[in-house]
Each structure stands twice: as structure tokens, then as C-alpha cells.
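S.K.: The structure is given below, and queries will be raised subsequently.
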Amino acid sequence: MWFPRLASNRVLRACPIDGAFALVARQGNAERLHCLNAQAERAGLHRGMGLADARAFCPDLISRPATPEADARFLATLRRWAIRWCPWVGIEGADGLVLDVTGAAHLWGGEAAMLADMRARAARAGLDLRLGLGATRGAAWARAHCGTPDQPLDSLPVTALRLDGDTCTALERMGLRRIGDLAGAPRAPLARRFGPELLLRLDQALGRQDEPITPAPEPPHYGVRLTLSEPVGLLADAMAATERLLGALCAKLQAQNAGARRLVLTLFRVDRASQQVELRLAAPLRAPERILPLFERGLAEVDAGFGIDQIRLEATLVEPLPAQQTGLGATPQHVDRLTDLITRIGARIGLENVQRFLPADSHIPERSFLIVPAAYSAPESGWRGSPPRPLRLFPPEPITVTGSAPPARFHWRRMELHAARATGPERIAPEWWLADEGWRSGVRDYWRIDTRQGRRLWLFHTPQNPGWYVQGEFA
Amino acid sequence: MSRELLPSFPLRAARVHEACGPAATTFAVITAARTPGNILWIYEGWLPATLHPPALVAFFDPARLLLARAGSQADSLAVAEEALKDGAVGLVVIEVANALDLREGRRLQLAARAGGGTGLCLIPEGMGSNAAETRWRVAPVPGEGDSTLMRWEIIKNKLGTTGTWHVRWDEQAHRLHVVSPAGEQPGSAGLPD
């Protein structure tokens with residue numbers, strides 16, 4: 001199945017446009033036509049033409065930028081759609097599908113009826129489709145691109161052999177215009193002149209060389225649903241239904257050695273409204289008995305209305321979770337309890353707000369540690385002993401003191417403090433390779449001041465830009 | 001050891017306690033050092049002062065610490081209740097900015113009783129809840145040649161008497177020493193409040 005106008009078909013399906021239409025892709029510095037519809041081709045435009053030239057030919061051309069990623073997604077969708085005809089469907093190039101219909105055609109009443117069905121369905125879907133049928137993949141490609149579905153292979157031009165343009169031109173200059181001519185020509189000189197590629201393609205088309213169809217693997221789908229014969233409205237009933245769904249989902253996860261990280265439970269009410277309960281887990285998990293209690297809070301907030309008659313559970317984010325041996329050594333049960341707690345707290349304040357400290361390699365006090373979400377990190381014990389540091393750190397608060405010696409008397413937070421002892425200085429230089437607004441004032445001399453009033457403060461002086469600041473408190 | 005000398009410390013488990021005063025953070029950190037298991041520290045995101053983990057090394061391994069940044073006091077109390085009820089963490093420290101009423105304090109107390117963990121609210125001076133098991137006022141005291149001397153005063157105690165002690169944290173041995181006022185420089189025992 002070849003979709004000659006896949007990209008423009010895709011866009012026009014979404015918003016039908018009557019008239020010449022083209023998708024424009026940027027190649028180098030020029031905007032070139034990427035894909036056009038039939039009217040545009042009738043107006044004399046062709047693929048690869050510059051957009052300015054095309055506008056000169058056809059002033060009322062409507063154009064849109066091309067999005068190859070969306071086209072690739074669309075083709076993947078079409079691949080799934082094509083599974084209706086036969087189970088072995090692979091993707092061929094950027095705009096084609098290859099189907100192995102061996103043993104499937106009779107289900108549609110023969111090959112001709114099957115092709116007619118394909119054409120009818122594609123036309124209904126607004127897709128331009130060209131079909132080729134062949135005993136080999138190469139032959140089918142040749143017929144789809146350069147002929148009709150049942151044209152004899154020998155009469156097709158050599159361009160139908162999936163060769164590059166230079167080879168085709170050279171072959172045509174030699175007088176080998178048809179595949180039949182090529183097949184009849186002596187092989188050795190051809191191989192010498194054009195390399196093995198040409199003969200490989202020819203053999204593939206004629207069936208002398210195997211070319212299997214590799215159907216794209218179906219990605220595992222982690223979704224289950226349950227339709228209830230009678231609508232339910234009680235929390236216990238909803239929990240029981242969720243438990244049943246969880247069992248099925250976790251079996252799927254178990255088979256793939258995966259664990260869910262984010263689960264979405266959608267509850268469809270009788271009146272067609274639907275509500276979602278999202279659960280973000282602090283660690284990949286596939287144990288139903290641990291996930292179920294975590295849903296309780298979210299389910300309790302659901303408004304059941306006249307009742308819920310369909311429930312759907314989907315794992316929207318899945319991470320690999322290999323099977324682990326349990327029972328030997330220390331069972332990490334307290335770790336499990338902790339991750340469950342993180343999940344529950346995260347459901348309330350956001351999973352990224354449950355954090356932990358990790359050591360960082362820096363002398364700058366503010367950067368000597370990292371605060372990272374606990375759900376996405378492991379505890380680390382690489383804390384090095386450092387010179388005495390305050391327990392509390394706050395943004396520097398200026399105090400009105402002059403001179404480079406530690407102050408004997410100063411005001412801080414409306415308190416008058418008298419220094420009893422000053423320990424220091426400890427000079428910390430800014431990390432010049434990182435731009436930091438707070439460290440523009442240059443090096444800092446840190447002092448620990450024990451005051452007569454009791455408070456033990458961490459002060460610093462900036463000699464290059466005279467000033468005193470309080471940045472932390474020890475006890 | 002200090003256990004006999006300080007009748008209400010370490011804090012009674014499965015209860016919620018309160019600490020106020022300038023050195024309440026140190027009190028919480030020392031409590032954490034004396035509590036096995038993980039520690040959950042709940043703070044409100046808008047507060048400028050943060051814990052400085054390199055300083056925690058002198059008390060306990062910061063890997064045991066989990067932080068929860070709540071958006072409001074209602075959130076932080078809800079998180080505290082959840083964590084206390086679950087019992088997966090040994091100590092829950094809650095930084096409280098506004099006064100707790102009796103209902104909130106009581107809920108925390110019930111949650112702690114159900115889960116078995118200890119709760120500690122760091123409250124502003126005079127904003128305690130009546131439900132608290134004990135309330136401590138902790139202030140640093142200037143000491144000769146000693147930079148960790150503190151005055152711990154227990155100002156509310158449901159099961160015991162109140163009292164005042166001078167204590168010092170030993171960073172090497174990771175333990176608390178009670179210092180007799182007699183060993184202090186003159187006047188320090190009777191420091192004005």
C-alpha cells in the first residue's frame with residue numbers, strides 16, 4: 001500500500017480545503033513543496049519545487065508547513081488500521097505499508113475483492129492509495145509505485161526497482177528500460193558496473209532473494225477496563241472494582257517486568273460524565289495490595305452522581321522493575337512503607353515537594369547541598385566533614401557595621417547583640433565559573449560570632465565591597 | 001548518661017511535643033539524632049531559612065532525612081498527620097508558623113498514638129497547643145570556651161514536672177551532656193529570661 005500524498009491527505013482530513021494545497025518543508029535556505037494534493041498537481045506543480053516558483057504558477061496555492069513527525073505518527077496509526085486485513089503489517093519507507101496477505105486473502109473473498117475493499121476504505125478515509133500485489137515485496141513495491149496491481153513485472157520500468165536516480169539514468173542510457181531487459185542481461189557486467197545493490201534489488205523483485213516483512217512490535221498497552229452491569233455509587237464498591245482492575249493490570253506489568261509510576265483511574269458515570277483519579281507513585285510498583293490503599297483518598301473525593309458504570313485503569317508511565325528475590329537477608333519492608341508514605345504525601349502536596357538533601361561538591365554554603373525530589377533519587381551518605389557550619393541558613397541580611405574587624409556590637413532583627421567571642425575568619429572565594437548574583441560582591445570572610453545574649457550567628461564580611469551580613473544561625 | 005538526669009528526654013514516643021525559642025532547631029536535630037529510623041521534616045515553602053545539611057552531619061546522617069515542602073499550614077498539618085499515622089518515619093518535625101488550635105493539636109496527638117512515631121512542632125514563642133505532651137523552651141547560653149551550651153526549659157509536661165537544665169551536645173560522642181550550673185561561670189545559672 002503506497003500513500004503517494006500521505007502528508008497532505010493527513011492535513012486535509014483535519015481541515016478540508018477546496019483548491020490547490022501544498023505542504024512546505026524547509027530544505028537548506030529554500031522553502032520547497034513537500035507534498036501536494038491532486039489539484040495542485042493538475043496546476044503543474046510538482047514535489048521539490050520552490051515555493052516562490054509554485055506561487056508564480058498557481059497564485060491561489062494554499063500552503064502549510066510540513067511536520068514529518070506527525071506524518072510518521074499518522075503512518076503508524078495506519079499500520080494499526082491495516083491489521084484489519086492481515087496480521088503481518090510492516091512500514092515501508094516514509095509513506096508506505098507492506099502487508100503479507102498470504103493466507104489472509106481468502107477471508108476477503110480473494111485478492112481482487114481484498115484490494116477493492118482496501119481502495120474503498122481508503123477513499124472513504126480521504127486517503128490517496130496505490131496498491132501493488134506481488135509474490136515478493138519488491139514486486140509489490142514496483143507495481144504500487146510504477147504500475148497497476150497486476151501488471152507483469154517485466155514490463156515495468158527499471159525505476160520500479162527501488163534504485164537511486166543515477167543508476168536508473170545510467171541503465172536507461174544503456175537501453176535497459178524495462179525490468180525484463182535487465183533480467184535478460186548478463187549479470188556479471190552489471191554487477192561490475194553498478195555494484196551489488198542493483199542485482200540485489202532485481203533478485204528481491206524476482207523472488208530469488210528473500211526479503212521478509214518485519215511487523216513492528218505492538219507496544220504493550222497497560223490499560224484495563226471494567227464495565228459494570230449496575231451502576232455503583234459506594235466507595236467500597238468502587239474500591240472493589242479498582243481492586244479487580246489492579247489485579248489484571250499488575251499481571252500485565254508482571255509479564256513485562258515493569259512497574260507503574262503513574263496510574264490514571266477514569267470513572268465513567270451513567271450521565272456520560274467522567275472523572276479521573278491520578279496517582280503518582282514514589283517508586284515503580286506492581287503489587288496490587290500496596291497500590292490499592294493509595295487510591296482510597298482519591299476515590300473518596302469522586303462525585304459518583306447517579307452511579308458509575310464503567311471504570312478504566314491505565315498505567316500512563318511505566319518503568320522497568322525486574323523481579324527481586326525476597327525472603328533472604330533483610331527484607332526492605334521499611335523502604336516499601338517509606339515509599340508508600342512518600343506517594344501519599346506526594347498526592348497531597350505534589351511528589352516533587354517531598355525532597356531530600358544530596359551532597360554537592362562546592363565550598364559555597366548555598367551550593368554545598370542539593371535539594372532533590374525524594375521519589376526520583378536515592379539517599380546518599382557521602383557527606384564530608386566540613387568546618388563548623390550553621391544549622392540554619394538564610395539569605396544574607398545586611399547589618400549596619402563598618403570596618404573589617406568583627407563587630408563588638410550590632411543590631412540584627414531589631415535585637416541589640418554584643419559579641420562575646422568571634423571565631424574566624426574563613427575566607428570563601430566565589431566560583432567564578434558560575435554566575436551567581438549573590439556572589440558579585442567578591443570573596444567573603446566568614447566569622448562565627450557568639451553573642452553575650454546567647455545567639456550564635458554566622459556573619460560574613462565582603463572586603464572587596466565593604467559590608468557585613470548575617471547568613472546563618474548556629475544554635 | 002543524660003537519660004537519668006533529664007527525666008523527659010528523649011521525648012516520649014507516640015506523642016507530639018513542642019519546642020520554641022531561638023535554639024528550637026537544635027533541639028529538633030538532637031531529638032532526631034536520638035531517634036532511630038527516618039525523619040520527616042515538614043516546612044512551609046515561603047519561609048526563607050532552610051536547614052543546612054553540612055551542619056547536620058555533627059548530629060545524624062542527613063540521608064535519614066526527608067523534607068516535605070508544604071504550601072500552607074493546613075497542608076503541612078495534613079502531611080504531618082498522614083506521616084504520624086503511618087508510622088513509617090520515627091520522627092516528624094513540623095515547622096509551624098501560626099498557632100495551633102486544640103483540634104489540630106489533638107488530631108496530631110491521635111495520629112501519633114495510632115502510628116507510634118514521635119511528633120515535634122517547632123512553634124513560635126507562646127503559640128503552643130494545649131494538646132502537646134511536653135513543651136520546651138530552648139535558648140543558647142553563652143559559655144566559656146564552649147559553643148554548644150544551651151538552656152533547656154520544660155515549660156509544660158503532661159506526665160511529670162517542669163524543670164530547667166543546661167546541656168551541651170558532644171559532637172564526637174554524639175551524645176548530650178548535662179552541665180551542672182555550678183560548673184558554669186558565675187551568673188550563668190541564673191540568667192535573666
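The values are calculated or read from the model by the stated rules, or taken from the named source; none is laboratory data. All figures in this text were calculated on a predicted structure; none of them were measured in a lab. Note that we place each Cβ from the backbone using ideal geometry, even for glycine, and neighbour counts take in every protein chain shown. Calculation scope for accessible area: heavy atoms of the full protein, side chains included, ligands and nucleic acids excluded. Shrake-Rupley method; radii C 1.70, N 1.55, O 1.52, S 1.80 Å.
S.K.: In whole Hz and in residue order, list the ³J(HN,Hα) couplings for the stretch B:156-161 that follow from phi through the Karplus curve 6.51 cos²θ - 1.76 cosθ + 1.60, θ = phi - 60°; x for Gly and Pro.
M.R.: 8, 8, 6, 10, x, 9
S.K.: What do you get when you divide the Cα radius of gyration of chain B by 2.2 N^0.38 Å, with N the number of residues?
M.R.: Values: Rg = 16.1 Å, N = 193, 2.2 N^0.38 = 16.3 Å.
The value comes to 0.99.
S.K.: Between residue A:377 and residue B:47, what is the FRET efficiency for a Förster distance of 30 Å, r being their Cβ-Cβ separation, to the nearest 0.05? Can you show the working numbers first?
M.R.: Working: r = 23 Å, r/R0 = 0.76.
E between residue A:377 and residue B:47, to the nearest 0.05, is 0.85.
S.K.: Over all alpha-carbon pairs in the stretch A:31-90, figure out the percentage whose distance exceeds 15 Å. Write down the numbers at each step before the final one.
M.R.: Values: 1025 of 1770 pairs.
Counting pairs separated by more than 15 Å, the tail of P(r) holds 58 percent.
S.K.: Output the residues of the stretch A:446-475 meeting this criterion: accessible area (heavy atoms, 1.4 Å probe) in the chain alone minus accessible area with all protein chains in place is 30 Å² or greater.
M.R.: When all protein chains are present, A:454, A:455, A:456, A:475 each give up 30 Å² or more of accessible surface.
S.K.: Could you report chain A's accessible area per residue, 1.4 Å probe, as an integer in Å²?
M.R.: Numbers: 25050 Å² over 475 residues.
Counting only protein heavy atoms, the per-residue value for chain A is 53 Å².
S.K.: Continuing with the same structure: Please report the spacing between the Cα centers of the stretch B:68-115 and the stretch A:60-100 in Å, no decimals.
M.R.: Cα centroid of the stretch B:68-115 versus Cα centroid of the stretch A:60-100: 55 Å apart.
S.K.: Continuing with the same structure: What is the distance, in nm, between label points placed 7 Å from the Cα along the Cα-to-Cβ direction at residue A:221 and at residue A:362?
M.R.: Going by the 7 Å Cα→Cβ label model, 4.7 nm.
S.K.: Could you tell me what fraction of 2.2 N^0.38 Å the Cα radius of gyration of the stretch A:390-475 comes to, as a two-decimal ratio?
M.R.: Details: Rg = 12.5 Å, N = 86, 2.2 N^0.38 = 12.0 Å.
Ratio of Rg to 2.2 N^0.38 Å for the stretch A:390-475: 1.05.
S.K.: Per residue of the stretch A:250-258, what does 6.51 cos²θ - 1.76 cosθ + 1.60 with θ = phi - 60° give for ³J(HN,Hα)? Whole Hz please, x for Gly and Pro, Karplus curve as stated.
M.R.: 5, 5, 4, 4, 4, 5, 9, 6, 10
S.K.: If you don't mind, another one. Taking accessible area as the heavy-atom solvent-accessible surface of the protein chains with a 1.4 Å probe, which residues of the stretch B:107-152 lose no less than 20 Å² upon going from the isolated chain to the full protein assembly?
M.R.: With the partner chains in place, the stretch B:107-152 has these residues losing at least 20 Å²: B:140, B:142, B:147.
S.K.: Whole percent per 5 Å bin, from 0 to the bin with the longest distance: what is P(r) over all C-alpha pairs of the stretch A:287-382?
M.R.: In order of increasing distance, the bins hold 2, 9, 13, 19, 17, 14, 10, 7, 5, 2, 1, 1, 0 percent.
S.K.: Longest segment of chain A with no GluC sites (Glu not before Pro) in a DSSP loop having at most 16 other Cβ atoms within 10 Å? All intermediate terms of the calculation are to be shown ahead of the outcome.
M.R.: Numbers: sites that count: A:301, A:380, A:431.
Of all site-free stretches, the longest is A:1-300.
S.K.: List the chymotrypsin sites (Phe, Trp or Tyr not before Pro) within the stretch A:384-475 that fall in a DSSP loop (any state other than H, G, I, E or B) and whose Cβ has at most 12 other Cβ atoms within 10 Å. Present the calculation step by step, with values, prior to reporting the outcome.
M.R.: On the way: sites: A:410, A:412, A:432, A:433, A:439, A:446, A:447, A:458, A:460, A:468, A:469, A:474; in loops: A:432, A:433, A:474.
In loop regions of the stretch A:384-475 (DSSP not H, G, I, E or B), the sparsely surrounded chymotrypsin sites (Phe, Trp or Tyr not before Pro) are A:432, A:433.
S.K.: Pull up all non-local amide H partners of residue A:356: gap of 5 or more, or a different chain, and H-to-H distance under 5 Å with H placed in the peptide plane.
M.R.: Excluding prolines and chain starts, which carry no amide H, the hits are A:372, A:374, B:67.
S.K.: Give me the percent relative contact order of chain B, please, defined on Cα pairs under 8 angstrom at least 6 residues apart. Intermediate values should be presented prior to the final figure.
M.R.: On the way: 387 pairs, mean separation 48.6, N = 193.
For chain B, the relative contact order is 25 percent.
S.K.: At a probe size of 1.4 Å, how large is the accessible area of residue A:368, to the nearest 10 Å²?
M.R.: Counting only protein heavy atoms, residue A:368 exposes about 20 Å² to solvent.
S.K.: To continue, here is another question. If you stretched the chain out fully between residue A:119 and residue A:432, how much longer would it get, using 0.36 nm times the residue separation minus the C-alpha to C-alpha distance? Could you put the intermediate results ahead of the total?
M.R.: Working: separation 313, 0.36 × 313 = 112.68 nm, distance 6.75 nm.
Value of the extension gain: 105.9 nm.
S.K.: Anything losing 50 Å² or more of accessible area from the isolated chain to the full protein assembly: pick those residues out of the stretch A:357-378, probe 1.4 Å, ligands and DNA/RNA ignored.
M.R.: Residues losing area: A:357.
S.K.: How high is the FRET efficiency from residue A:80 to residue A:112, r the C-beta distance, R0 35 Å, rounded to 0.05?
M.R.: Efficiency at R0 = 35 Å is approximately 0.90.
S.K.: As a test question: what accessible area, to the nearest 10 Å², does residue A:166 have when a 1.4 Å probe is rolled over all protein chains in place?
M.R.: Accessible area of residue A:166: about 130 Å².
S.K.: Still on this structure: Roughly what percent of Cα-Cα pairs across the stretch A:165-311 reach past 17 Å?
M.R.: On the way: 7529 of 10731 pairs.
Taking all Cα-Cα pairs of the stretch A:165-311, the fraction more than 17 Å apart is 70 percent.
S.K.: What 222 nm value per residue comes from the helices of chain B, counting each DSSP H run with n ≥ 4 as -39,500 (n - 2.57) and dividing by all residues, nearest 500 deg cm²/dmol? Don't skip to the answer; put the middle values down first.
M.R.: Numbers: 5 runs with 46 residues, N = 193.
Computed mean residue ellipticity for chain B: -7000 deg cm²/dmol.
S.K.: Which three numbers, in whole Å and largest first, are the semi-axes of the equivalent ellipsoid of chain A derived from its Cα gyration tensor as √(5λ)? It would help to have the intermediate numbers written out before the result.
M.R.: On the way: eigenvalues 878, 261, 116 Å².
That gives 66, 36, 24 Å for the three semi-axes.
S.K.: Where the centre of each part is set by its Cα atoms, how far does the stretch A:417-466 sit from the stretch A:129-164, in angstrom?
M.R.: 80 Å
S.K.: Using the heavy atoms of the protein chains alone and a 1.4 angstrom probe, what is the accessible area of the stretch B:10-134 per residue in square angstrom? All intermediate terms of the calculation are to be shown ahead of the outcome.
M.R.: Details: 3790 Å² over 125 residues.
Dividing the accessible area of the stretch B:10-134 by its residue count gives 30 Å².
S.K.: Rg and Dmax of the stretch A:108-177 over Cα atoms: what are they, in angstrom?
M.R.: Over the stretch A:108-177's Cα set, Rg and Dmax evaluate to 14.5, 44 Å.
S.K.: Between residue A:262 and residue A:192, what is 0.36 nm times their sequence separation minus the Cα-Cα distance? Round to one decimal in nm. Write down the numbers at each step before the final one.
M.R.: Details: separation 70, 0.36 × 70 = 25.20 nm, distance 5.86 nm.
Value of the extension gain: 19.3 nm.
S.K.: Within chain B, which is the longest segment containing none of the GluC sites (Glu not before Pro) that sit in a DSSP loop and have at most 16 other Cβ atoms within 10 Å?
M.R.: Working: sites that count: B:125, B:144, B:171.
The segment B:1-124 is the longest one with no such site.
S.K.: What's the local net charge at residue B:96, with K and R +1, D and E -1, over the other residues with C-beta under 10 Å away? Each step should come with its number before you reach the end.
M.R.: Working: positive: none; negative: B:18, B:44, B:95, B:104.
Overall, the nearby charge balance is -4.
S.K.: OK, next. Over all alpha-carbon pairs of the stretch A:138-220, lay out the pair-distance distribution in 10 Å bins, whole %, shortest bin first.
M.R.: 17, 51, 22, 7, 2, 0
S.K.: Ballpark to the nearest 100 Å², how much total accessible area do A and B bury together, probe 1.4 Å?
M.R.: 3900 Å²
S.K.: Expressed as a whole percentage, what fraction of the accessible surface of the protein assembly as shown belongs to carbon and sulfur atoms when a 1.4 Å probe is rolled over the protein heavy atoms? Walk me through the numbers before you get to the answer.
M.R.: On the way: 16970 of 32500 Å².
Result for the protein assembly as shown: 52 percent of the exposed heavy-atom area is carbon or sulfur.
S.K.: Output ³J(HN,Hα) for the stretch B:94-101: one whole-Hz value per residue in order, computed from phi by the Karplus curve 6.51 cos²θ - 1.76 cosθ + 1.60 with θ = phi - 60°, and x for Gly and Pro.
M.R.: Ordered by residue, 3J(HN,Hα) equals 10, 8, 10, 9, 10, 5, 8, 8 Hz.
S.K.: Share of Cα-Cα pairs in the stretch B:1-111 beyond 25 Å, in percent?
M.R.: Working: 1076 of 6105 pairs.
The share of Cα pairs beyond 25 Å in the stretch B:1-111 comes to 18 percent.
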